[in-house]
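Heads up, the thing below is written out as structure tokens.
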Amino acid sequence: MKIGLFGFLFVMWILILAGGGILVAILGPFSISGYGDLDLLLTSVLKAIIAIILVVVWILVLSKLKNWIFKKEIKY
Amino acid sequence: MAELIIPAIVSCIVAFFTVYFVTPPLIQFLQKRNLAVKDMNKKDHVMVVRPGGPSIIAGIIASELVLYGFFQINEILAIMITSFIAFVVGYVDDRKVMGGWFKPVALVIASTPIIFLGTYDSNLAFPLFGTVQIPALYLGLVIFMIPVTGNTINSIDVLNGVASGFMIIASFSLSIALFILQNYEMAIISLPLGFVSLAFYKYHKIPSKIFPGDSGALTLGAMYGTIAIVGHVEIIAAVALLPAIINSFLFLSSMKRIVEHRQIKGKPVEHTEDFKLKATNDKTAPVTLVRLILAGGPLSEKQVGYAIFKLAIFSGILAIITAFMMRVVI
């Protein structure tokens, strides 16, 4: 078996670690105030939207990486 | 710590031997009822019985009941109920051909005991960077996690022994990670998954005497996902599962939709004259982990299985490194 799959696994792992860092750095300190009881809900909803955007970006990056790492294999 | 040793040993013995002794009569029962499918990767006409889910769920329920006798905590109930619902979902799919959306949607129901029993923590912990509190998003993650882990293990159940062998490596890696994080109670609660998989592997390894079926694969995956949530090791669990996640990712990114394997017309893999597995050039077939492994040339079923196990061991090591990194915050 070629090194490609191990490389792809390793890159995915690095992306998870980096993604975690971005998530903690961006979402951690993020909070909305001034809306009373709705503060927590609005903060959660906005955090969810940002996290979903980050996941979509993560999948796009991974998809590009997959095509780059396996460009020879995925010629179908 | 010492008081945890007896429950750990007893539950592991119960998990292993329940599956070890229940599977042979289950094989006989399924043979009598002619519940068998053709093993597509064998040269001769070999029929293999399925599903092995009943023996897997018996091992899980028996061992977790033993543990519940020692520790009356909701986490064990969540594992048992979620795994059982996943088993029922899988069993329905084993007996009746359901649509591609059935399993993911039905497995959402399986995740509800985790929420109702309050066995989750909305803080998501990352290695090196600490935790982030995401109450609303975490609920979505709980609902999302069980269908993902269940279907991910199901999607890797393509060759003799792969699903159970992969689960042995991933679940023991997760248990080691829980020990490293000093979450001893959850580590012990997670151990039966590895022992159930180990006992089932005896009958599932090449040449298979029984296939786990959807009921077996979904049960293993759902239990794994539940342990990840109630043990607060979601990221480590995802890392240990990476080869299976890659398989699902490759499949979905090539097919661009959720589709059952039986609905796909193109074949990703074919057989050589000496019945080795070989990647095809079929553009309509999905890209899968097995297809990428075979891109270098034809391999026997056993060799492909071992290649997947090597990837699983590599991910398991990364998961254990991740557990050590969890204890370090920059």
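Structure above, values below:
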{"read-out": "Only Lys, Arg (+1) and Asp, Glu (-1) charged, at Cβ; the protein assembly as shown dipole about Cα centre in debye", "value": "1700 debye"}
{"read-out": "Which listed pairs, of A:Lys64/B:Lys310; B:Lys43/B:Lys278; B:Lys43/B:Lys209; A:Lys66/B:Lys276, have C-alpha distances above 19 Å, in listed order", "value": "A:Lys64/B:Lys310; A:Lys66/B:Lys276"}
{"read-out": "Nearest 10 degrees, 0 to 90: helix B:53-70 Cα axis against chain B principal axis", "value": "10 degrees"}
{"read-out": "Size of the A/B contact, given as accessible area buried on both chains, probe 1.4 Å, in Å²", "value": "3000 Å²"}
{"read-out": "Per residue solvent-accessible surface (Å²) - segment A:2-75, probe of 1.4 Å", "value": "60 Å²"}
{"read-out": "Selection from A:Gly20, A:Thr43, A:Ile32 lying farthest towards where the dipole of chain A points positive, charges on Cβ", "value": "A:Gly20"}
{"read-out": "Degrees between helix B:242-255 axis and first principal axis of chain B (Cα, 0 to 90, nearest 10)", "value": "50 degrees"}
{"read-out": "Reciprocal of mean inverse Cα separation for chain A (Kirkwood radius, Å)", "value": "14.7 Å"}
{"read-out": "Threshold 30 Å² - residues in segment A:28-46 whose accessible area is reduced by that much or more when the chain is no longer isolated, probe 1.4 Å", "value": "A:Ser44"}
{"read-out": "Accessible area of B:Ser253 in the full protein assembly, 1.4 Å probe (Å², nearest 10)", "value": "30 Å²"}
{"read-out": "Dipole of chain B [Lys/Arg +1, Asp/Glu -1 at C-beta], most positive-end residue of B:Tyr20, B:Ile115, B:Ile317", "value": "B:Tyr20"}
{"read-out": "Partner chain coverage, peptide B:306-319 - average Cβ within 10 angstrom", "value": "2"}
{"read-out": "Segment B:53-198: translational diffusion in µm²/s, Stokes-Einstein, Kirkwood Rh over Cα pairs, 37 °C, 0.692 mPa s", "value": "201 µm²/s"}
{"read-out": "Computed [θ] at 222 nm, helices only, for chain A once each DSSP H run of length n ≥ 4 contributes -39500 (n - 2.57)", "value": "-26500 deg cm²/dmol"}
{"read-out": "Nearest 10 degrees, 0 to 90: helix A:4-27 Cα axis against chain A principal axis", "value": "10 degrees"}
{"read-out": "Gyration tensor over alpha-carbon atoms, the protein assembly as shown, equivalent ellipsoid semi-axes in Å", "value": "33, 27, 19"}
{"read-out": "Debye, to nearest 20: dipole size of chain B, +1 on Lys, Arg Cβ, -1 on Asp, Glu Cβ", "value": "1120 debye"}
{"read-out": "Of all accessible heavy-atom area on the protein assembly as shown, the percent that carbon and sulfur account for (1.4 Å)", "value": "68 percent"}
{"read-out": "Shielding by other protein chains, A:11-18, mean Cβ within 10 Å", "value": "5"}
{"read-out": "Value of relative contact order over chain B, rounded to a whole percent, pairs C-alpha under 8 Å and six or more apart", "value": "24 percent"}
{"read-out": "Taking the convex hull of Cα positions in chain B, its mean projected area over all directions (nm²)", "value": "16.6 nm²"}
{"read-out": "Ellipticity estimate at 222 nm from DSSP helix runs (n ≥ 4, -39,500 (n - 2.57)) divided over chain B, nearest 500", "value": "-22000 deg cm²/dmol"}
{"read-out": "Relative contact order (percent, whole number), segment B:205-330, Cα cutoff 8 Å, 6+ residue spacing", "value": "26 percent"}
{"read-out": "GNM top mover of B:Phe200, B:Phe84, B:Phe17 - chain B, alpha-carbon springs below 10 Å", "value": "B:Phe17"}
{"read-out": "Alpha-carbon Debye profile of segment B:190-330, log10 I(q)/I(0) at 0.16, 0.20 Å⁻¹", "value": "-1.06, -1.44"}
{"read-out": "Only Lys, Arg (+1) and Asp, Glu (-1) charged, at Cβ; segment A:2-75 dipole about Cα centre in debye", "value": "720 debye"}
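The values are calculated or read from the model by the stated rules, or taken from the named source; none is laboratory data. Model, not experiment: these values are computed from the prediction. When we count neighbours, we look across all protein chains shown, and the Cβ atoms used for this are built from the backbone with ideal geometry, even at glycine. These area figures cover heavy atoms from the full protein model, side chains too; ligands, DNA and RNA do not enter into them. Shrake-Rupley method; radii C 1.70, N 1.55, O 1.52, S 1.80 Å.
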